[in-house]
Each structure stands twice: as C-alpha cells, then as structure tokens.
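Below is one structure, written out as structure tokens, with a few remarks after it.
The values are calculated or read from the model by the stated rules, or taken from the named source; none is laboratory data. Note that the structure is a prediction, hence the values are computed from the model and not measured. Because the Cβ atoms are built from the backbone with ideal geometry, glycine has one as well, and the counts that use them run over all protein chains shown. Note: areas computed on protein heavy atoms with side chains; ligands, DNA, RNA excluded. Shrake-Rupley method; radii C 1.70, N 1.55, O 1.52, S 1.80 Å.
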Amino acid sequence: MNATNTVMASYLNQEVEAARELIDILQEEQNQLLSPNIDELEPLVAKKSALVAQLTQHTRNRNESLRKAGFEPSLAGMNAWLESTKDQPDTITIEKNWNELVSLSQSAKELNRLNGMLISSHMTRNQQALSILLGNQPNAGMYGPDGQPSRAAATPARSVVTG
C-alpha cells in the first residue's frame, strides 16, 4: 500500500464511522420528534453538531490528500483517483468504503430532510397554539380576551339577501 492509499484509507474509515454515528443520531432525533416527549432533542443536537464538524474535518483531510495526489477535491476527483489506483490491491477496500460513504451521505441527507419537515410541523403547531393563546387569531375561540363570550363566536355570520 502506498502512502497516499494508506492516508486515504484512514480518512475514509474515519468518515464512514462518523457517518454511521450521524445516521444513528438522526434516527434517534426522528424517534424523538415522533414521540410526544421531545425533551431529549437538545443533547442530540449537540452530538449531531459535533459529528458534522468531525465529518467536515475528515472531508477536508481527504480533499487535501486528493489535491496532493493531483486530483480535484470533489466526487469526480475521488472517482478519478480510484480509477487511477485500480491496479493496487488495497483499492478494492478503499472503493468499498467510498461507496459506503456516498450511500451513508445520501441516507443522512434524506433523514435530515425528513427531520426538518417534522421540526417544521412542530413549529407550525406550536405557533398556532401560541396565536390562539395570545388571542391573535380572529374568531379562534369561544371567549374574548376579557373572558366573556366573543361576539364573533357567539353570533353566526349572516348574509344579506336582496332581490
């Protein structure tokens, strides 16, 4: 195994491990968002942020290795580098890890998108509840801010018929 392959294998192993951990956290986050008690989200957000920072650093390291080897620090550059090292025995393992990383990244992206939708749904529901409690929605309840039955809620709307 040459030095670039050794370094690349190490970075990819680290990235794959961090991506697996991130997916576990995103799945736990989703479970919490689907449960009635979402109090456990805060520690998950801290763990998720730390893992994203870790993944970012691993990606920078991998990209720097690609640059040093004369390849573009991108998906295309990684694929070109893999193609250029196909004749080396360790490339199969590196390529397997790379494909797993790409797959894990897609899964993490989708989980994050779904979790964002769940968070948005919670925020909308909370905003609607606050609006009702603060009296910001017209005709939202039976009682006005003074505790008396609201005129709009007590009086049905009438139409004027002319003819």
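Entry note, the range 10-95: relative contact order of 27 percent, from Cα contacts under 8 Å with a spacing of 6+ residues. Here is the result for the range 26-104: no chymotrypsin sites (Phe, Trp or Tyr not before Pro) lie in DSSP coil with at most 13 other C-beta atoms within 10 angstrom of their C-beta.
Using r as the Cβ-Cβ distance of Q27 and N126, and R0 as 22 Å, what FRET efficiency do you calculate, to the nearest 0.05?
Numbers: r = 23 Å, r/R0 = 1.06.
The calculated FRET efficiency here is 0.40.
Only loop residues by DSSP count here, and only those with at most 15 other Cβ atoms within 10 Å; note down the GluC sites (Glu not before Pro) in the range 1-99 that meet that.
Working: sites: E15, E17, E21, E28, E29, E40, E64, E83, E95; in loops: E40.
The qualifying sites are E40.
Here L133 sits with roughly 140 square angstrom of accessible surface, probe radius 1.4 Å. The Cα trace of the range 1-151 gives Rg and Dmax of 23.9, 83 Å, the first to one decimal, the second as a whole number.
Summing +1 for each Lys or Arg and -1 for each Asp or Glu, what net charge is found among the other residues whose Cβ lies under 13 Å from the Cβ of L55?
Working: positive: R20, K47, K48, R60, R62, K109; negative: E15, E17, E21.
It works out to a net charge of +3.
Solvent-accessible surface (1.4 Å probe) assigned to K109 amounts to roughly 150 Å².
The overall shape of the range 1-65, judged from the alpha-carbon gyration tensor, is prolate: a/c is not under 1.5, and a/b is greater than b/c. Model label points for D146 and E42, set 7 angstrom from Cα along the Cα-to-Cβ axis, are 4.1 nm apart.
Along the charge dipole of the range 11-94, pointing to its positive end and built from +1/-1 on Cβ of Lys, Arg, Asp and Glu, which listed residue (Q88, Q57, A69) has its Cα farthest out? Among Q88, Q57, A69, the one farthest towards the positive end of the dipole of the range 11-94 is A69.
Taking Cα pairs under 8 Å and at least six residues apart, what relative contact order does the range 45-103 come out at, in percent? Each step should come with its number before you reach the end.
Numbers: 20 pairs, mean separation 8.9, N = 59.
Computed over the range 45-103, the figure is 15 percent.
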